Amino acid sequence: MFTKAERLISLRNLRPKKKEGFLKVISIFSFLGIMLGVAILIIVMSVMNGFKTELTNKILGLNPHIVVQSNGYIIEKNFITKLKRKFDDIKISKAFSGEGIIIKNENAKGIIIKGIDNQNKKSQIFLKNFSAIKTKEFKSGKTYIGAELAYNLNLKVGDKINLMSSAFVTTPFGGLPKQESFEIIGIFNTGFYEFDQNFVFLNLEDALSIFNKEKKDENLEIYLKEPMRANSVKEDIQNINQNYFVYTWSDLNKSFFSALKVERNVMFVILTLIVIVAAFNIISGLTILIKNKTKEIAILKTLGLSNKSIQKSFFLTGFTIGFFATVTGILFGIIFSINIEKIRSLLSNLLNLEIFPSDVYFLEYLPSEINMFSILIIFFFSIIISAIAAY
């Protein structure tokens, strides 16, 4: 593609003379600009991929994959039997949840009260994510709360708390929210700040009682071996019986993941502009180089080198800068992404600053997931931009 003469001219252009120091500075800035743009693009994409994966795993671990609500109709045993026959890989348990308030001394906080059927072995799939919960001890009048909730309300194992639901009881003084007292027998820590701060677990019978509900109001929680199949399974479940309300884990978090996807795409576009801006330095550098090499170009043409060969040699000069800057940026970005949590911890300790607060981002550490497909896209984008700039 390139002759030996063209490669020699290009190599000579990449090593300017001392009197062409300004040109050397432009070449260095072109190299650094593209390198940093590519590296930052890889780092940001890796963090966002890791963030999405970690949150998806947390959501899948802390929530049922599909929920079937009675919607005023009794969930019949025949319906459950049909589900088990149609889907071999599903696990079904019963549960009920609702909004309430936890009260301890003068402190109160809005929470989600979730009742679990601890007699059903299928519930173990859900409870395995909560190392503190021991189902044998999970009896009537007992409760488990999240670590963040316990910290905020200064609670510990053995304390008594009052839980208030949205259900009302009739008293001589009128309707009052129903309250019941429970003993804390465990504190769980999932590492998911929002969950640990807002969830309280009860025995299923206690949850139904505090909300004035009956067995017919219980929900079915379904767990799949492949949670990503939840939407297709949901459609099949609705075809079996359309009286029930069915929703999946992705339905509950659709707006969140949509926002995350949009943010990721916008960041890709914005950071690609950094590479484009850096590539403009190649244009300015080559323009100055050609102006400075007018006499040399005339000599080369006199010696018989064609205009096309001269153009190719200058193109190769600019493209070489872009190519090696891209490769260096990819290596730097990958190394940085792999060690990003260590770097975050180091900077946090040095600056005494919480760089990735768990109460804002829901995670206790900075995740990173290197996606080779994304890196290939970034590589080709950068190479194409460099080639266009050099051309």
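Using the structure shown, decide if I133 is modelled with pLDDT under 80, over 30 Å from T326 (Cα atoms) and in a helix (DSSP H, G or I).
no
Is it the case that N292 is modelled with pLDDT under 75, polar (S, T, N, Q), farther than 29 Å from M372 by Cα and in contact with a Leu (Cβ under 9 Å, 6 or more places away or on another chain)?
It is true that N292 is modelled with pLDDT under 75, polar (S, T, N, Q), farther than 29 Å from M372 by Cα and in contact with a Leu (Cβ under 9 Å, 6 or more places away or on another chain).
Can you name the residue in the range 222-239 that is charged (D, E, K, R) and under 15 Å from I92 (Cβ atoms) and, of all such residues, is surrounded by the most Cβ atoms within 10 Å (Cβ to Cβ)?
Of everything passing the filter in the range 222-239, K234 is surrounded by the most Cβ atoms within 10 Å (Cβ to Cβ).
Does K82 satisfy the criteria of being of a type in the set (D, E, K, R), surrounded by 17 or more Cβ atoms within 10 Å (Cβ to Cβ) and either over 25 Å from I334 (Cα atoms) or modelled with pLDDT of 80 or more (or both)?
no
When the range 87-100 is examined, which residues are found to be out of contact with any Lys or Arg (no Cβ under 7 Å at 6 or more places or on another chain) and assigned to a strand (DSSP E or B)?
Scanning the range 87-100 gives K94, G98, E99, G100.
Tell me the residue from L41, L36 that is open to solvent by 50 Å² or more (accessible area, probe 1.4 Å), at pLDDT 80 or above and either under 20 Å from V246 (Cβ atoms) or not in a loop (DSSP other than H, G, I, E, B) (or both), please.
Just a single option satisfies the conditions, and that option is L36.
For the range 103-113, does any single residue satisfy the condition of being at pLDDT below 70, out of contact with any Cys (no Cβ under 8 Å at 6 or more places or on another chain) and loosely packed, with under 15 Cβ neighbours inside 10 Å? Talk me through it step by step, then tell me what you get.
Within the range 103-113, the subset at pLDDT below 70 is none.
No, there is no match, as no residue in the range 103-113 is at pLDDT below 70, out of contact with any Cys (no Cβ under 8 Å at 6 or more places or on another chain) and loosely packed, with under 15 Cβ neighbours inside 10 Å.
Which of the strands (runs of 3 or more DSSP E) contained wholly in the range 196-298 include at least 1 residues that are in contact with a helix residue (DSSP H, G or I) (Cβ under 6 Å, 6 or more places away or on another chain), aliphatic (A, V, I, L, M) and touching a residue at least 24 places away in the same chain (Cβ under 8 Å)?
245-248
Return only the number of the condition from (1) more than 23 Å from K213 (Cα to Cα); (2) modelled with pLDDT of 85 or more; (3) not in a loop (DSSP other than H, G, I, E, B) that L155 does not satisfy.
Of the numbered conditions (1) more than 23 Å from K213 (Cα to Cα); (2) modelled with pLDDT of 85 or more; (3) not in a loop (DSSP other than H, G, I, E, B), the odd one out for L155 is (3).
Given (1) acidic (D, E); (2) open to solvent by 50 Å² or more (accessible area, probe 1.4 Å); (3) at pLDDT 80 or above; (4) more than 29 Å from K86 (Cβ to Cβ), identify the lone condition not met by D196.
Every condition holds for D196 apart from (2).
Looking only at the range 244-257, filter to residues that are open to solvent by 70 Å² or more (accessible area, probe 1.4 Å) and out of contact with any strand residue (DSSP E or B) (no Cβ under 6 Å at 6 or more places or on another chain); which one of those is farthest from D117 (Cα to Cα)?
S255
The values are calculated or read from the model by the stated rules, or taken from the named source; none is laboratory data. Only a predicted model underlies this, so the values are computations on that prediction, with no experimental measurement involved. Every residue, glycine among them, receives a Cβ derived from its backbone with ideal geometry; neighbour counts consider all protein chains shown. Ligands, DNA and RNA are excluded from the accessible area calculation, which covers all protein heavy atoms including side chains. Shrake-Rupley method; radii C 1.70, N 1.55, O 1.52, S 1.80 Å.
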